[in-house]
1. Give me the percent relative contact order of the stretch 329-425, please, defined on Cα pairs under 8 angstrom at least 6 residues apart.
2. Using a Förster radius of 56 Å, what is the FRET efficiency between Lys374 and His212 based on their Cβ-Cβ separation? Nearest 0.05, please.
3. Taking θ = phi - 60°, what integer Hz values does the Karplus form 6.51 cos²θ - 1.76 cosθ + 1.60 yield along the stretch 237-250, in sequence order, with x for Gly and Pro?
4. Quick one: putting +1 on the C-beta of Lys and Arg, -1 on the C-beta of Asp and Glu, what dipole do you get for the chain around its Cα centre, in Debye to the nearest 20?
5. Under 1.5 on a/c is rounded, so check that first for the stretch 73-183, then, if it is not, pick prolate when a/b is larger than b/c and oblate when it is not; a ≥ b ≥ c are the square roots of the alpha carbon gyration tensor eigenvalues.
6. For a footprinting-style exposure proxy, rank Ser134, Ser5 by other Cβ within 10 Å, fewest first.
7. What is the distance, in nm, between label points placed 7 Å from the Cα along the Cα-to-Cβ direction at Met1 and at Glu48?
8. For the chain, modelled as a GNM with alpha-carbon contacts under 10 angstrom, which of Pro221, Pro137, Pro99 fluctuates the most?
Amino acid sequence: MLTKSPKGTKDILPNEVYKWQYIEKEIAKVCENFGYREIRTPIFEHTELFQRGVGDTTDIVQKEMYTFLDKGKRSITLRPEGTAGVVRSYIEHGMASLPQPIKLYYNITAYRYENVQKGRYREFHQFGVEAFGSEGPSIDVEVISMIDVLLNRLGISDIELNINSIGCKKCRSDYNAKLKEYIEPKLQNLCKTCVERFDRNPLRIIDCKEEHCKEITKDAPALVDNLCEECHEHLEGVKRGLENLGIEYNIDKNIVRGLDYYTKTVFEFVSKNIGSQGTVCGGGRYDGLVEICGGPPTPGIGFAIGLERLLMVMENQGIEFTAPRSTDIFIATIGDKAQNYAQKLVYDLRKEGINAETDLMGKSVKAQMKYANKLGAYYSIVLGDNEIDTNKAFLKNMDTGEEKEISLDTVIDRLKNIKAESVIKEPNKIGHTEI
Ligand code: ATP
Ligand code: MG
């Protein structure tokens with residue numbers, strides 16, 4: 001028990017963290033290109049925020065939250081998603097009075113008590129975006145196009161964009177009546193949760209994951225066919241905008257999304273090749289949410305991408321991540337004098353921004369060189385008493401085998417030059433540069 005992480009959680013180990021760092025870097029770049037700024041909110045919030053902000057007829061609130069009383073008897077919940085916290089922050093810090101739109105992004109862990117399976121965990125990572133203050137379809141198109149750019153930069157090609165509209169309060173209440181009329185005769189066959197939802201929020205039934213509920217709802221009337229004029233126009237605007245950018249999409253009448261607060265545009269990016277956990281991204285417009293959470297009426301739109309699923313899709317598609325080599329130079333040593341010298345030398349190199357390593361284990365020089373190879377060091381030097389006394393040593397390019405005798409006191413300058421030159425050409429690779 002003690003030596004196993006809790007069910008549904010995973011360590012990201014040093015030998016795979018570079019994949020995450022790579023994706024996080026690409027995310028940050030895309031957000032910068034699109035003018036979205038990072039926001040960091042607490043891992044836990046007052047439970048009520050999620051009850052209101054996610055909606056108390058959702059699976060998340062009804063079944064999946066990590067909720068507990070803290071020592072001050074407050075009900076606290078680990079965030080099951082990112083939007084509610086960002087909305088709370090938008091209100092708390094009066095962002096509504098700043099020039100709109102406010103465009104934010106986050107990279108977070110989220111917590112849901114789920115049925116653990118591949119692509120479905122209890123702690124998982126989400127990259128998400130929220131844009132407040134703009135009600136026209138162009139911001140819908142902008143956030144969707146961001147995802148498109150990110151997927152392209154990551155080399156992902158087997159993902160489809162599905163969009164839908166779930167209307168506004170007005171079209172939804174007319175539609176709910178129609179939907180209830182259709183479902184009523186089959187009510188006994190729905191799962192217990194859906195029976196409860198029938199009166200409070202029948203649209204939720206469309207989103208149920210139970211097979212027999214899906215079977216019943218598959219021919220139900222669709223909200224997208226029952227939109228009011230304004231919502232219909234909005235959807236047409238989104239479609240035209242996507243076509244203008246050359247972004248392909250499908251209309252999927254069954255997308256309802258798992259959160260109560262969505263209005264109008266909803267969308268998903270789905271990979272067909274990885275089975276039921278193929279939904280990599282979910283998003284939509286949430287024009288009522290800021291007000292529901294106690295702020296001024298404010299339109300908003302956002303999405304969240306599950307990073308575990310994004311990685312799954314990339315791996316499934318055979319996208320290779322090259323593990324970065326991080327050791328610029330390894331200083332191997334023979335004897336105590338060399339070891340002291342090397343300790344000072346790597347310290348000075350490191351101060352100058354060079355990734356330098358030396359032996360910390362008392363290994364033989366042969367074992368040190370083997371270790372330097374394993375680290376993927378680009379250069380190495382072997383130091384003994386003689387090298388120190390004569391101030392001369394051989395700098396070796398570990399990739400080409402080329403060796404050059406240099407003055408020891410020029411090592412730092414040489415490495416700085418090599419690194420500066422190669423960083424511009426090839427950021428992750430300083431080897432193959434002439435000594
Ligand atoms: P699903 O229908 O798969 O349960 P959801 O509608 O609950 O997804 P959202 O709340 O919209 O998902 O979250 C956005 C994205 O976060 C999902 O598309 C998915 O990529 C990811 N995600 C959601 N729940 C999990 C989880 N338990 N483990 C890993 N990733 C998840
Ligand atoms: Mg879910």
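1. RCO, the stretch 329-425: 29 percent.
2. Computed FRET efficiency for Lys374 and His212 comes out at 0.50.
3. x, 5, 4, 4, x, 5, 4, 4, 8, x, 9, 7, 8, 10
4. My answer is approximately 1120 debye.
5. It is rounded, given that a/c, with a ≥ b ≥ c, falls under 1.5.
6. Result, fewest neighbours first: Ser5, Ser134.
7. Roughly 3.6 nm, to one decimal.
8. Checking each option, the largest mean-square fluctuation is seen for Pro99.
The numbers here are math on the coordinates, done by the rules we state, and not lab data. Nothing here was measured: the structure is a model prediction, and the numbers come from that model. Positions of Cβ are backbone-derived with ideal geometry, glycine not excepted, and every protein chain shown enters the neighbour counts.
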